[in-house]
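Each reported figure results from applying straightforward, stated rules to the coordinates on display, with no laboratory input. None of the values given here were measured: they were computed from a predicted structure. As a convention, Cβ positions derive from the backbone with ideal geometry for all residues, glycine included, and neighbour counts pool all protein chains shown.
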Amino acid sequence: MISLSCSSGNPHPACMKPVKPELPGCSDDDTIITGSGISTTTSVVAARQHYRGVRRRPWGRYAAEIRDPTRKGSRVWLGTYETDVDAARAYDCAAFQMRGTKAILNFPADAGKYAPPVAVAGRKMGSGR
């Protein structure tokens, strides 16, 4: 709750100033009290980088794929990788091979410098033996 204080003791609107309530765990530099409530100036949740041609699997691995324009835009599977950066590099290698210098890459400064990373071996689906 926000309380208003006045140096003269009168609740005159011109001298009303918001007083910050004491909240546990809040520092003075990251909390602002406004008329509409309390807001923070720093973001708590950091945004995750998204790479072109990379999807995150529900179990934590990253899948890389690219669309092939010579096959009516069908998907070409590039593999599953432990990190999103490895999957993005695999996409970059495939895109550079398909489209050359016109390719839109995740890491354009590294175009054509590296071999594609090795994909992680997946689990075999079968009888469970």
Trp77 paired with Asp110, simple spin-label distance in nm, labels 7 Å along Cα-to-beta-carbon: 2.5 nm
Chain lengthening between Arg99 and Arg52 when straightened (0.36 nm per residue, less Cα-Cα): 15.5 nm
Simple label model, 7 Å out from Cα along Cβ direction - Val120 to Trp59, nm: 0.9 nm
Residue-by-residue Karplus 3J(HN,Hα) for region 60-76, coefficients 6.51, -1.76, 1.60, Hz, glycine and proline x: x, 7, 10, 9, 10, 8, 9, 8, 9, x, 6, 10, 6, x, 5, 7, 10
